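What follows is a set of notes on a single structure, which appears directly below.
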Amino acid sequence: MKLVTAIVKPFKLDEVKEALESYGITGMTVSEASGYGRQRGHSEVYRGAEYTVDFVPKVRIEVLVEDMDAGSVVDVMVKAAQTGRIGDGKVWTVPVEDVVRVRTGEKGATAL
Amino acid sequence: MSLHSLATADVPFIDSGNTAWTIAAAALVLFMTPGLAFFYGGMVRTKSVLNMMMMSFISMGTVGTVWVLWGYSEAFGPDLGHGLLGNPFSEFGLHHVMTAIYGYVPAAGGSAATGGIPGMAFVAFQVVFAIIAVALVSGAIADRAKFTTWTVFTVIWATVVYFPAAHWVFAFNGYAAKAGGWIANGGLFLHGHGAYDFAGGTAIHINAGAAGLALALVIGKRVGFGKDPMRPHNLTLVMIGAGMLWFGWFGFNAGSALSAGTLAAGVWVNTLGATCTAMLGWLLVEKFRDGHFTSLGAASGVVAGLVAITPACATVTPIGALIVGLAAGAICALAVGLKFKLGFDDSLDVVGVHLVGGLVGTLLIGLLASKSSPNGSGTRDGLFYGGGFLQLGVQAAAAFTVLIFSFVVTYIIGYALHKTMGFRISQEEEIAGIDQAEHAETGYDFGNLFSGSRIGHHPSHEQDARHHDETQEKVEA
């Protein structure tokens, strides 16, 4: 199994979610995140005093999938989240040793 | 002049319209202090919003109290000499004022035919000025002043700095007492030429601004000033506060007519006009300098305009008011950067907005005063209306006397308190947040994991323990 994590622009969340649903993914975890990549943050001005805000708001989407689905899920997410402009985010995959559904105790692929 | 007005000129009578307006205006002005609490509260960080608001609120508590005791008497009681101070003991506790009727204010454009107001209406109207003048100072020492010391400071500062200044500027001859203040009536080195300050540009704004600067210098910069971001934590609060200030300010300025008529109406319109152009002036400076029209800039421009038009609202024409506002908005927007250049931490720009704004308004009277103003034909024209440099000189003398007096005396009071009671909380408390340290409260409960557990009723701990023992004994028996 794999954990696919995507950091995307907040306004792309709905599109990514819909794309994943139509691919057949039944669940995901979403959290607010902040950070910066090459574009750094933004600046704000209060009465002429400038403040640099390093961290830009982002959304983190996590999906657990079977090994064979991982590549396609990454493609689906990238396609849905892409604007072509700087700050679009990243998607990565890491191996997962085991998964347990808390309610039933099912393990592995059946728990997804 | 009709027989009727001749008769009323001699016998003081209460005019219900004037009285109604003055009392209503007093309530409007009182509303400005909570407005200021919001305005200032929004500009500090989350961890010090309550302390910031409390510094305004406690000013109502202390100044309102001392006003009844000796403040009113010090500002408006019989003059002790040369228009410098009223006798603090003659009207102590307001015991002579209840039945008094105050007539018109000649220097503010009233006429003898205008009916008077009850002495208590005047007492009510003037106390709210004293309260907000004191509260304004707190903006310079945000996040770091010991609350007890600030509370003591409000009483001392009002007594030693504000009430005398109010006497100078607001005590007209023959109004509340026979002889009044030297700035209002042209005493001392003004040689009979009174300065125009309709609603308190000198006594309130220059005074509070200079005091703010002095205190900021005495107690020093916030920890991390110039390095850490100290962004306003809630600009919506700032906007609410600015709105409340603007609303209340119509009572401040138009109420200073102490009558409901042409003067008050003209002043009302001038107050509006200047505030509007000041907002535009501030925003234009921001757009050119920083690239954006900010909400904090709009709110600050509003306050700068209100400050500047306060002294000038009766003695300039509506066009003059637009000019005063525009100048104040632009100049104050440029002036708020001073603290970074000069290295003092006037946290919420009391100097940049109130001192500079007050100076702009007070000095522009010397240029723009006109007989076509709400104050009417008795006005001495300013430089631009052919009046020469006389009025400008008088205005400058009044403004800078108040500035220097306030700065020096406040510095001494602040320094004395700093060396005795201590004017600053510890660095550790400041970093953790003054709300927690000084008030055992936090402004916002975000309901997180760390929001606390278990409610203790500490005054009754002992009782609980005893009660517990008794029940134990009963059970054992």
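Distance between the pseudo-spin-label points of B:Met421 and B:Asp228 (7 Å out from Cα toward the beta carbon): 2.5 nm. With a cut-off of 16 Å on the backbone N, the residues of the range A:51-74 near the modelled label site 7 Å out from B:His292 along Cα-Cβ are A:51-57. Judged by the mean number of other Cβ atoms found within 10 Å, the most tightly packed of the peptides B:288-296, B:206-214, A:56-64 leads the ranking B:206-214, A:56-64, B:288-296. Based on the Stokes-Einstein relation at 37 °C and a viscosity of 0.692 mPa s, and on the Kirkwood radius from alpha carbon pairs, the range B:213-320 is assigned a translational diffusion coefficient of 209 µm²/s.
The listed peptides B:344-355, B:178-189, ordered by packing as a protection proxy, come out as B:344-355, B:178-189 (highest mean of other Cβ atoms within 10 Å first).
Helical content of chain A, expressed as a calculated mean residue ellipticity at 222 nm, amounts to -7500 deg cm²/dmol (DSSP H runs of 4 or more residues, -39,500 (n - 2.57) each, divided by residue number, nearest 500). Per-residue mean of foreign Cβ neighbours for B:326-336 is 1 (Cβ atoms of other chains, 10 Å radius).
Around B:Leu392, with a cut-off of 13 angstrom between Cβ atoms, what is the net charge of the other residues, counting Lys and Arg +1 and Asp and Glu -1? Spelling it out: positives minus negatives among the neighbours equals 0. For chain B, the relative contact order is 20 percent, taking Cα pairs closer than 8 Å that sit 6 or more residues apart in sequence and dividing their mean separation by the residue count. For the pair A:Ile86 and A:Thr104, the difference between a 0.36 nm per residue extended length and the Cα-Cα distance amounts to 2.1 nm.
From least to most packed, judged by other beta carbons within 10 angstrom and beginning with the fewest, B:Cys332, B:Cys313 follow the order B:Cys332, B:Cys313. The chymotrypsin sites (Phe, Trp or Tyr not before Pro) of the range A:1-107 that meet both conditions, a loop assignment by DSSP and at most 14 other Cβ atoms within 10 Å of the site Cβ, are A:Tyr36, A:Phe55. Do the alpha carbons of any pairs in B:Lys178/B:Lys419; A:Lys58/B:Lys47; B:Lys47/B:Lys341 sit beyond 30 Å of each other, and which pairs? As for pairs spanning more than 30 Å Cα to Cα, those are B:Lys178/B:Lys419. Across peptide A:41-54, the average count of Cβ atoms from other chains found within 10 Å of a residue's Cβ is 6.
Partner shielding of B:287-297 amounts to 3, given as the average count of beta-carbon atoms from other chains within 10 Å of each residue beta-carbon.
Values quoted throughout were computed directly from the atomic coordinates according to the rules given, and no laboratory measurement underlies them. Just so it is clear, the model here is predicted, and its values are computed rather than measured. Note that each Cβ is placed from the backbone with ideal geometry, even for glycine, and that neighbours are counted across all protein chains shown.
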